[in-house]
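The values are calculated or read from the model by the stated rules, or taken from the named source; none is laboratory data. Note that the structure is predicted; figures quoted are calculated from it, not measured. Ideal geometry is used to build each Cβ from the backbone, glycine not excepted, and the neighbour counts take in all protein chains shown.
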């Protein structure tokens, strides 16, 4: 079975706080890709990062960082020093190699950053 | 600029009417997708196509139809058989080689009156 779980439905933080969005996935494929997308109020999903299953190195991009741990099947996303512009819904997604280009999305985490 | 164009952005429909949502991409991507998003829910796959003249049903295909006559275009028809069509519809595309990311359009919001 292919599945992505984002247990946090809604999170609110005060500006400048750090926040971590959790993502847990299930797949039997050994080759797969993981993604994070941001959906601002305008509605369009914006790609943030892609990770393949053979690369467990953590990645940092400005205030964003991602922690990929195969041992716990998790791909968590941390925003450091959050800003109001970070308010959005964030989706984690899984694309296993053997599923004909299908994507499996979590239900999303709605982040509100309070000024 | 390369990207995906969805139209219309907002659409109102009376019950019993079919409506077609347009999706055009100039990214030269092979695969195209249609997702439905309801408030507070994730994205659910309606249909996807990996090549011209071929498409597969997703998880919630009932009441929807698609065509893929050109690589650039993947229109979605919401038929009167769809019981609860009010939703936000997102079109996406992807280059199939290398399992790249999905590129999304801005979405179409359909409201049935």
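What to note about this one:
- Test: residue in the stretch A:56-65 that is within 14 Å of another protein chain (Cβ to nearest Cβ), touching a strand residue (DSSP E or B) at 6+ places or on another chain (Cβ under 6 Å) and surrounded by 13 or more Cβ atoms within 10 Å (Cβ to Cβ): no
- Verdict on residue A:90 being within 15 Å of residue A:20 (Cα to Cα) and within 14 Å of another protein chain (Cβ to nearest Cβ): yes
- Boolean, residue B:64 is modelled with pLDDT of 95 or more and within 14 Å of chain A (Cβ to nearest Cβ): no
- Evaluation of residue B:53 against (1) within 14 Å of another protein chain (Cβ to nearest Cβ); (2) over 23 Å from residue B:80 (Cβ atoms); (3) free of Cβ contacts under 8 Å to residues at least 24 places away in the same chain (one fails), failing number: (1)
- When the stretch A:27-51 is filtered for residues that are part of a strand (DSSP E or B) and over 14 Å from the mean Cα position of the chain (by Cα), only A:32 remains.
- Residue count, the stretch A:70-92 (criterion: within 13 Å of the chain's Cα centre (by Cα) and more than 19 Å from residue B:102 (Cβ to Cβ)): 5
- Test: residue in the stretch B:69-78 that is surrounded by fewer than 19 Cβ atoms within 10 Å (Cβ to Cβ), away from every other protein chain (no Cβ under 13 Å) and at pLDDT below 95: no
- Unmet criterion (only one of (1) assigned to a strand (DSSP E or B); (2) touching a residue at least 24 places away in the same chain (Cβ under 8 Å)) for residue A:81: (1)
- Residue count for the stretch A:68-112 under the criterion of being surrounded by fewer than 17 Cβ atoms within 10 Å (Cβ to Cβ) and closer than 19 Å to residue B:96 by Cβ: the result is 4.
- Note on the stretch A:18-45: residues that are farther than 16 Å from residue A:76 by Cβ, surrounded by fewer than 16 Cβ atoms within 10 Å (Cβ to Cβ) and in contact (Cβ under 8 Å) with a residue 12 or more places away in the chain amount to 6.
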